[in-house]
Structures are given as structure tokens and as C-alpha cells.
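What follows is one structure encoded as C-alpha cells, with my remarks underneath.
The values are calculated or read from the model by the stated rules, or taken from the named source; none is laboratory data. A quick note: this is a predicted structure, and the numbers were derived from the prediction, not measured. As a convention, Cβ positions derive from the backbone with ideal geometry for all residues, glycine included, and neighbour counts pool all protein chains shown.
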Amino acid sequence: MIRVANLDDALDFYCRKLGLLQQRRYDNEAGRFTLVYLAAPQDADVAEQLSAPQLELTWNWDPEVYTGGRNFGPPRLRGRGHLRAVPATR
């Protein structure tokens with residue numbers, strides 16, 4: 001998950017400049033946030049079926065100054081064979 005301050009700018013960067021494709025979008029009016037899931041073109045079919053591998057962008061609708069603590073999220077890996085690709089951290 002990557003928290004973004006401006007969703008339009010983030011989509012321009014990740015989609016237009018890096019070439020990722022928007023797979024799905026979830027707008028939550030009660031929570032006042034949007035989640036956008038992106039995938040590489042070669043992973044689009046698998047991402048559609050398995051919801052992986054994807055990059056999640058999180059945009060909070062209300063302006064927020066990110067000074068620490070809540071301005072990040074852990075990168076998440078999910079996909080076939082990802083556990084073999086990442087060394088054990090135990």
C-alpha cells in the first residue's frame with residue numbers, strides 16, 4: 001500500500017509514465033478514502049483473477065499533512081511463488 005496525497009498525480013505517474021494498468025477502484029464515502037489497485041500489463045489477467053500481483057494506492061479525501069506515523073504503509077507482496085522469491089525474515 002502506498003498512501004498518496006494527490007490521486008490524479010499518482011495515477012499519472014504509475015499509469016501514464018510507468019505503464020501500470022488500473023485493475024479496480026474502491027471509493028468508500030463513509031471512510032472518505034479511495035483504494036486503487038494497479039498491475040503491470042503482463043500481470044493484468046492474473047491480477048484480475050487472483051487480485052495479485054497488484055500495487056494498492058490509498059488516497060484519503062480529506063487533506064492531511066504527512067509528518068510521520070501515518071504517512072506510510074508496508075509494501076505488500078502477493079503472487080505465485082512470492083515466498084520463494086523473498087528470503088525468510090524470521
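Among the residues in region 21-34, are any assigned to a helix (DSSP H, G or I) and either in contact with a helix residue (DSSP H, G or I) (Cβ under 6 Å, 6 or more places away or on another chain) or at pLDDT below 90 (or both)? Outline the logic, then answer.
Initially, region 21-34 is screened for residues assigned to a helix (DSSP H, G or I), giving none.
There is no residue in region 21-34 that is assigned to a helix (DSSP H, G or I) and either in contact with a helix residue (DSSP H, G or I) (Cβ under 6 Å, 6 or more places away or on another chain) or at pLDDT below 90 (or both).
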Selection over region 40-67 where residues are assigned to a helix (DSSP H, G or I) and in contact with a Leu (Cβ under 7 Å, 6 or more places away or on another chain) yields a count of 2
Pick from region 1-33, criterion within 17 Å of Ser51 (Cβ to Cβ) and in contact with an Asp or Glu (Cβ under 8 Å, 6 or more places away or on another chain), ranking: surrounded by the fewest Cβ atoms within 10 Å (Cβ to Cβ): Met1
Kindly establish whether Val46 is among the β-branched types (Val, Ile, Thr) and modelled with pLDDT of 90 or more. no
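Let me confirm something: among Tyr37, Tyr14, which residue is touching a strand residue (DSSP E or B) at 6+ places or on another chain (Cβ under 8 Å), assigned to a helix (DSSP H, G or I) and more than 16 Å from Trp61 (Cα to Cα)?
On the way: Tyr37 fails: assigned to a helix (DSSP H, G or I).
Selected residue: Tyr14, the only one of Tyr37, Tyr14 that is touching a strand residue (DSSP E or B) at 6+ places or on another chain (Cβ under 8 Å), assigned to a helix (DSSP H, G or I) and more than 16 Å from Trp61 (Cα to Cα).
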